[in-house]
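These notes concern the structure reproduced below.
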Amino acid sequence: MPEGDTIFRSARALNKALAGAIVTRFETAYAPLVSVDDDTPVAGRVIERVEARGKWLLIHFSGDLILVTHMLMNGSWHIYRAGERWKRGRQHMRIVITTANYEAVAFDVPVAKFHTARTLERHSAIPKLGPDLLTSGFAADEAGARLLARPDEEVANVLLNQQVMAGIGNVFKSEICFACGVNPFRLVGSLTPSEVDCLLHTAKKMLAANVLDGSGDGIVTYTGARRTTSNADPGARLWVYGRRGRPCRRCGTPILMRRQGMGARSTYWCPECQPAPAGIAITGLDQPTRRRKIGCS
Ligand SMILES: [Zn+2]
C-alpha cells in the first residue's frame, strides 16, 4: 500500500502541475464517474487544489466537485506533459484529467468517487480538516486539543497537518515557530500552555494579515508577497524562511535549515532564539559557523 508519505508527495506534485488550470478533457473507465461527468461536466472547471488526507487524495474542482481517490495496493497518479508517452499501458488507465500543459493519469486506482463539500463531510472514512484559521469563528480550543493530541510529533509537522488546523503552509510553519521562540523540532508534548497559545494566536494573526479573501473553504488568495515581519522593506518580509546562513533579524545568529517530516519540507529556524530541547543537538545540514548571541529578545 502506498504510504501516507507517497500520497502526500503525489498530492503535492499534482497540485503543482494542476492547481489553477482549466480542465480541457476528462476521461474515466469508471461508469459512476462517467455518469456524474455527463450530468455536470468536469471539463471547463478550474482545478482549485489537490490535497492528501491520510491515505486519500482529493482533487478539488470549481463548482463544488471533489474527486476522491484511494490508491490501496497498486494505484498511482502520474503526471505527463501534453503528448508525452505514458509509462503504463492504457488498460491500467482509470482516470485522465487533461489541462493545457499536463495530463494527470490515475492507473489502477481501485476507489474513485465524486463528492461535494457536503457529502465529503459525511464520509466518515476520510479524515476531516481541523478548524480553519481563516474563518472568523476559528475554534482555537479545538485546534489546541487536536494539537495536544499528538504529543510525540514534532511541532512544525503538526502545524502543517491540515487535520489539526487548516491553513498553515510551509512558509508560515517556520515563521510561526520563530515568532513564538519554539524550536520546530521539539515534540508537541514539551510545549508549555503559553507556547501553545502563542502558536495558535500567531498562526491566526499571520494568516489573516496575508489573506485578501478567506472564503472559509480553504481557498486562500494572498495579497502578494507573504509578510510576517512588520518591516516595510520588501527584502525583510520574513523572519527566517528562505534565509539559511543569513543573520537572525533578532540576534544575528545564522539561520539554519533542515528537511523535516513527510515530503522532507524545508524548515528554517534560529538556534539562539529557538533553542533545541536540552540534550538534543539539532543542526542545519551545512553546519554554518555559530556566532555569539547579540541581545536576543
Ligand atoms: Zn535569533
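Every number here is computed from the coordinates shown, using simple stated rules; none is lab data. None of the values given here were measured: they were computed from a predicted structure. Methodologically, a virtual Cβ is constructed for each residue, glycine included, from the backbone with ideal geometry; neighbour enumeration extends over all protein chains shown.
Key figures
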{"item": "Proximal aspartates and glutamates relative to K87, as straight alpha-carbon distance under 15 Å, when same-chain residues fewer than 8 apart are discounted", "result": "E103, D108"}
{"item": "Whole-number D in µm²/s for region 41-80 (Stokes-Einstein; Kirkwood sum over Cα pairs; 37 °C, 0.692 mPa s)", "result": "294"}
{"item": "Selection of trypsin sites (Lys or Arg not before Pro), region 250-282, meeting DSSP coil and at most 14 other Cβ within 10 Å", "result": "none"}
{"item": "CD proxy at 222 nm, helix term only [per DSSP H run n ≥ 4: -39500 (n - 2.57); per residue of the chain; nearest 500]", "result": "-7000 deg cm²/dmol"}
{"item": "Whether region 4-122 is rounded, prolate or oblate, judged on the alpha carbon gyration tensor where a/c under 1.5 counts as rounded", "result": "rounded"}
{"item": "DSSP beta bridges in the chain [antiparallel fraction, %, rounded to 5]", "result": "95"}
{"item": "Cleavage-rule hits, trypsin sites (Lys or Arg not before Pro), region 34-86, DSSP coil, Cβ neighbours within 10 Å at most 15", "result": "R85"}
{"item": "Over 25 Å between alpha carbons, listed pairs K113/K173; K16/K128; K55/K205", "result": "K113/K173; K55/K205"}
{"item": "Per-peptide average of other Cβ atoms within 10 Å, ordering 127-135, 184-192 highest first", "result": "127-135, 184-192"}
